[in-house]
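Here's the structure, in structure tokens; my notes come after.
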Amino acid sequence: MQVQLAERVDTTSQYVNRIVKKQDGVMNKTFVAMMERLGYDIELSYVKR
């Protein structure tokens with residue numbers, strides 16, 4: 001599955017694997033902390049095309 005996803009987004013399966021296994025996830029921990037300090041909540045929404 002990671003190989004097919006990597007091909008679809010034009011990157012390597014190793015890079016996809018790093019993103020999937022990363023503890024902080026896709027969202028950068030520092031970015032989240034900055035937005036929270038500024039009084040923002042982050043909302044992500046995924047909608048199937």
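The values are calculated or read from the model by the stated rules, or taken from the named source; none is laboratory data. Computed from a predicted structure; not experimentally measured. Don't worry about glycine lacking a Cβ; one is built from the backbone with ideal geometry, like all the others, and counts go over all protein chains shown. With ligands, DNA and RNA removed, areas are computed over all heavy atoms of the protein, side chains included. Shrake-Rupley method; radii C 1.70, N 1.55, O 1.52, S 1.80 Å.
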Cross-chain or 6+ apart pairs with Cβ under 7 Å, region 38-49 first and aliphatic (A, V, I, L, M), then surrounded by 10 or more Cβ atoms within 10 Å (Cβ to Cβ): 42/32; 42/35
Some residue of region 21-30 being open to solvent by less than 100 Å² (accessible area, probe 1.4 Å), modelled with pLDDT of 80 or more and within 15 Å of the chain's Cα centre (by Cα): no
